[in-house]
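J.: One structure is given below, represented as structure tokens, and several questions about it will come after.
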Amino acid sequence: EEKDMDLLFEWRNDLTHLALWMPQRYPVSKEEFKTEFERFQRTTEHIRLMIIRNGETVGTIYSYNCNLVHGWTYIATYLKPSSRNSGIGAKAWVLFVDYLFDNFPFRKVYCEVYGFNELSLSTLNSGGLEVQAQLPEHIFWKNKYYDMYTMTMTRESAETLNKQRLQRWRKNRNLSRLPHED
């Protein structure tokens, strides 16, 4: 939707947080963003969903670089700063991974994270993802080189972990089922 495009454009140009999730670190015009976004959708992106909480769009989650032959895809999540550390990213991750494993023949999902993004590293690690690869001193930021990590979760581990999480969330909200399970 157009309102989503405006928000994505705003997040794309937020230079204070851009380095946490994107290798490009320069602002773009609305026209440049549209071209960049359309190219990404056409060549790289698989599925993108917006994360909405209490009627407000607070982030986005998407899969990209998917390979249906070999059964894997990458996932990226962006949350606006005021929604980080709120648990909404973990819930979006669980629901999105469940959706991907239910509807596509993926056996693994990957996530790339920069070493200076300690919150994401900690969240992914506590969420059950394992480090699959580490590229030492791969990303330059604030006058220093940092490692880049590729983390992974398999279909089997996701099923086990996500069932446990969904049961906890149901119990905490006194629900027998979550809305997406209907």
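The values are calculated or read from the model by the stated rules, or taken from the named source; none is laboratory data. Just so it is clear, the model here is predicted, and its values are computed rather than measured. Here Cβ is always computed from backbone atoms with ideal geometry, including for glycine, and neighbour counts include all displayed protein chains. Calculation scope for accessible area: heavy atoms of the full protein, side chains included, ligands and nucleic acids excluded. Shrake-Rupley method; radii C 1.70, N 1.55, O 1.52, S 1.80 Å.
J.: Keeping all protein chains in position, work out how much accessible area Arg12 exposes to a 1.4 Å probe, and write it in Å² to the nearest 10.
T.: Taking all protein chains as shown, Arg12 has close to 0 Å².
J.: If DNA, RNA and ligands are ignored and the probe is 1.4 Å, what is the ranking of Leu49, Leu121 by accessible area, most exposed first?
T.: My answer, sorted largest first, is Leu49, Leu121.
J.: Further question: Roughly to the nearest percent, how much of the accessible area of segment 37-182 is carbon and sulfur, given a 1.4 Å probe?
T.: 47
J.: Let me have the relative contact order for segment 1-140, percent, based on Cα pairs under 8 Å that are six or more residues apart.
T.: 16
J.: Rounding to the nearest 10 and keeping the result within 0 to 90°, find how far the Cα-based axis of helix 2-12 lies from the longest principal axis of the chain.
T.: 60
J.: Determine Rg/Rh for the chain; Rg is computed over alpha-carbon atoms and Rh is the Kirkwood hydrodynamic estimate from the same atoms.
T.: Looking at the chain, the ratio lands at 0.95.
J.: What dipole magnitude, in Debye to the nearest 20, does the chain give about its Cα centre under +1 on Lys/Arg Cβ and -1 on Asp/Glu Cβ? If you can, show how the numbers build up before the last one.
T.: Working: 24 positive and 23 negative charges, 122 e Å.
Magnitude of the dipole: close to 580 debye.
J.: Net charge around Arg84, counting only other residues with Cβ within less than 14 Å of its Cβ (Lys, Arg = +1; Asp, Glu = -1)?
T.: So the surrounding residues net to +1.
J.: Just need log10 I(q)/I(0) for segment 79-163 at q = 0.14, 0.18, 0.19 Å⁻¹, Debye formula, equal scatterers on the alpha-carbon atoms, no solvent, rounded to two decimals.
T.: Log10 I(q)/I(0), no solvent term: -0.53, -0.83, -0.90.
J.: Out of Met151, Gln134, Ile88, whose Cα points farthest toward the positive end of the dipole of the chain (charges: +1 Lys, Arg; -1 Asp, Glu; placed on Cβ)?
T.: Value computed over the given set: Ile88.
J.: Before I look further, what does segment 14-124 give for accessible area per residue, probe 1.4 Å, in whole square angstrom?
T.: 53
J.: Which of the lysines could a cross-linker bridge to Lys108, judged by Cα under 22 Å and excluding same-chain residues fewer than eight apart?
T.: Of all the lysines, those that pass the test against Lys108 - Cα under 22 Å, at least 8 places apart if same chain - are Lys91, Lys163.
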